[in-house]
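For reference, the structure discussed in these notes is given below.
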Amino acid sequence: MNTLHIIGGAVSILGALFLLLASIGLIRMPDVYNRMQAGTKATTFGTIMFLAGIGIASPGWIPKLIVLVVFIVLTNPISSHILARAAHFAGVPLADRSVTDKLAEHRQKAGDK
Amino acid sequence: MSFFLVLTVVLCAVMLGSAGMALYHKNLAATVIAAGLVSLVASIIYLILAAPDVAMTEAAIGSGLSTVMFFYVLKRVRGGENG
Amino acid sequence: MEYVALATGLILVILGLYGIVAQRNIFRIIIGFSIFDTGLHVVLVSIAYLKNRTAPILDEAVSKGEAASKIVDPVPQALVLTAIVIGVAITALMLTFALKMYEKRKTLDIEKFEDLKW
Amino acid sequence: MVKKLVAIAILAGIAFMLYGLFASYTQKETLPKTSRYYAIKGPDELGSANLVTSVVVTYRGLDTLGEVTILFTVASIIGFFLRSRTKREARAENPRETSEILHTGVAFLVPIIFVFGAYVFIGGHLSPGGGFQGGAIIASGTLLLFLAQPKTSGGHTLITFVESVSGIAYVGIGIAGIFLANGFLDNRILPVGEFGTIFSAGAIPIIYSLIGLKVGAELSAILYKLKDAKEDA
């Protein structure tokens with residue numbers, strides 16, 4: 001239990017806190033799109049922070065952790081983008097409080113139904 | 001040691017719950033997702049039980065590919081699910 | 001720990017069997033089969049586990065000489081490895097048959113397929 | 001109603017038997033005889049650090065061959081039952097266009113996924129992983145391609161080619177084991193090498209790579225056929 005372990009553990013716990021916030025957001029948010037946003041942004045950042053904590057605690061794993069971070073940064077936004085788009089095309093309505101819907105405007109302009 | 005015991009108990013409870021959901025939920029898409037969840041949690045249990053090879057296979061095949069296969073077929077049999 | 005996993009595996013086997021015999025929708029029967037499969041794998045892996053031992057991979061922590069006293073049983077793990085792949089192949093086969101049956105009758109209710117009933 | 005009661009009664013019987021198994025199960029203290037032989041002799045005989053790999057590829061290699069054969073049979077039966085749509089029909093369908101982000105992301109990700117799958121099955125004798133896992137990862141990459149480009153129906157020729165070539169090479173290496181080493185699928189046709197390095201364990205990396213390509217191709221073929229299945233009205 002040296003200093004690096006303690007710093008790494010603290011960073012990891014901070015990352016886990018972000019994951020907790022993401023899960024609270026999943027429950028609290030009003031519609032699919034807001035939930036998706038909470039579930040993507042916070043989990044991407046939280047996971048990266050968690051892995052950074054592990055990297056601080058045991059520096060031998062850093063190359064593998066970098067590969068993991070690259071994968072997460074690439075896949076997480078794309079998958080949530082596709083999910084949100086599919087929900088929009090399937091006709092899931094926005095919450096009452098939302099003010100703008102760019103994709104609907106774009107689709108109207110393109111003459112798509 | 002007791003940490004892993006608690007973790008196993010929690011994961012087993014999740015597994016049984018999602019297995020029950022996979023059998024009884026009305027929506028067929030939800031049952032497919034629940035069956036995938038059973039596989040995913042099972043792969044974590046394999047990791048705890050010192051079987052990393054099996055865990056990798058189960059995570060890739062059981063919760064990835066077979067779920068997609070179910071969905072490909074489910075897309076084709078819409079409308080027949082209640083009859 | 002391994003006893004908990006073993007019990008869960010056996011309960012999953014029973015749940016899957018119940019799904020197979022009690023459901024009427026063919027799709028749900030296939031899902032029951034896949035749960036049955038997962039339960040069997042959990043049972044096999046937890047039987048392979050021995051207390052306070054590590055995975056059957058030799059590295060710096062486990063040297064060649066002391067392997068027999070430090071690793072868990074590799075044979076059931078190898079069995080499960082092949083069983084998972086076979087399981088997904090069988091699931092794909094059953095899904096194909098379900099698809100063909102649906103195209104024939106436009107239904108997935110197992111009670112409607114009475115050709116072999118007497 | 002009666003049927004359901006009978007089913008529950010049968011299940012109760014099975015549950016009782018399984019409970020008997022559970023109650024009488026006691027954990028072993030040491031490995032069984034066969035596993036102890038594998039654990040003691042395996043690393044020196046075959047040079048593979050991952051004992052699961054040495055069991056799957058060499059000691060029980062014939063089972064793995066049978067398993068790959070089962071996969072091949074399943075893929076053939078599915079191809080027999082589900083007719084694929086032709087190219088013209090695929091073009092006539094008009095699925096929703098996939099977005100720019102997805103195209104770019106997939107073009108970037110799929111090669112990385114394939115390389116990762118290859119890494120998993122080439123390093124199967126040193127670390128967790130191997131042909132089945134790597135094959136499943138490669139099939140996931142193919143699936144990503146299918147999902148991103150729903151209109152294309154090409155690639156089937158390549159999948160069939162990889163499938164047959166790797167299958168033939170697998171059996172060929174197995175037969176080479178009869179002549180150059182002690183038996184069918186013996187891995188010592190190449191030098192066993194230094195324990196724990198990438199070029200060790202004789203033919204195990206080659207055999208596992210072939211298994212990986214084979215499994216990946218079979219699973220991709222199954223997914224492809226399920227995706228492109230055409231309804232005969």
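Listing for the model above:
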read-out	value
Sparse-neighbourhood loop sites, trypsin sites (Lys or Arg not before Pro) in the range D:12-70 - DSSP loop, at most 14 other Cβ within 10 angstrom	D:K28
Rounded if a/c under 1.5, otherwise prolate or oblate - chain D, Cα gyration tensor axes	oblate
Summed buried accessible area for C+D [probe radius 1.4 Å, Å², rounded to 100]	4300
For chain A, accessible area per residue (1.4 Å probe, heavy atoms of protein chains only), Å²	67
Shielding of D:144-150 by partner chains, average beta-carbon count, 10 Å	1
Apportionment of accessible area to carbon and sulfur, the protein assembly as shown, percent (1.4 Å)	70
Residue-averaged 222 nm ellipticity for the protein assembly as shown, from DSSP H runs of 4+ at -39500 (n - 2.57), nearest 500	-24000 deg cm²/dmol
For the range B:9-78 and the range C:34-54, distance of Cα centres in Å	16
Shielding by partners - mean other protein chain Cβ count within 10 Å, residues of A:64-77	1
R0 of 51 Å, Cβ-Cβ distance B:N27-D:F108: FRET efficiency to nearest 0.05	0.90
C-alpha long axis of helix A:32-57 to longest principal axis of chain A, angle in °	10
Between 0 and 90°, nearest 10: helix A:3-28 axis offset from chain A longest Cα axis	20
Radius 13 Å from Cβ of D:T69, net charge of other residues (Lys, Arg +1; Asp, Glu -1)	-3
Sequence-distant lysines (8 or more away, or on other chains) whose Cα lies within less than 25 Å of D:K33	C:K51, C:K64, C:K70, D:K41
Across C:K117/D:K227; C:K112/D:K214; C:K106/D:K214; C:K112/D:K227, pairs whose alpha-carbon gap is larger than 30 Å	C:K117/D:K227; C:K112/D:K214; C:K106/D:K214
Assigned charges on the beta-carbon of Lys, Arg, Asp, Glu; the protein assembly as shown dipole about Cα centre (debye)	1400
Where C meets B: accessible area buried, both sides, 1.4 Å probe, Å²	4000
Using a Förster distance of 30 Å, the FRET efficiency for D:A9-C:I86 (Cβ separation, nearest 0.05)	0.45
Cα-centred dipole magnitude for chain D, charges only on beta-carbon of K, R (+1) and D, E (-1), debye, nearest 20	580
Peptide-level mean, for B:33-40, of C-beta atoms on other protein chains within 10 Å	4
Rounded if a/c under 1.5, otherwise prolate or oblate - the protein assembly as shown, Cα gyration tensor axes	rounded
Candidate lysines for bridging to A:K102, where Cα separation is under 16 Å - those fewer than 8 sequence places away on the same chain excluded	A:K113
Most mobile listed residue (A:R35, A:R85, A:R97) in chain A, GNM with C-alpha springs under 10 Å	A:R97
Cα gyration tensor, the range B:6-76 - rounded (a/c under 1.5), prolate or oblate	oblate
Gaussian network model of chain D, springs between alpha carbon atoms under 10 Å - residue of D:T73, D:T98, D:T34 with greatest fluctuation	D:T34
Listed residues D:F22, D:F195, D:F108, most fluctuating in chain D (Gaussian network, C-alpha, under 10 Å)	D:F22
Restricting the range C:48-118 to trypsin sites (Lys or Arg not before Pro) in coil, as DSSP defines it, with at most 12 other Cβ within 10 Å	C:K51, C:K106, C:K117
Helical segments meeting 30 Å axial Cα length and Kyte-Doolittle -1.0 threshold in chain B (DSSP H)	B:2-24, B:28-48
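The values are calculated or read from the model by the stated rules, or taken from the named source; none is laboratory data. Computed from a predicted structure; not experimentally measured. Glycine also receives a Cβ, built like all others from the backbone with ideal geometry; neighbour counts cover every protein chain displayed. Calculation scope for accessible area: heavy atoms of the full protein, side chains included, ligands and nucleic acids excluded. Shrake-Rupley method; radii C 1.70, N 1.55, O 1.52, S 1.80 Å.
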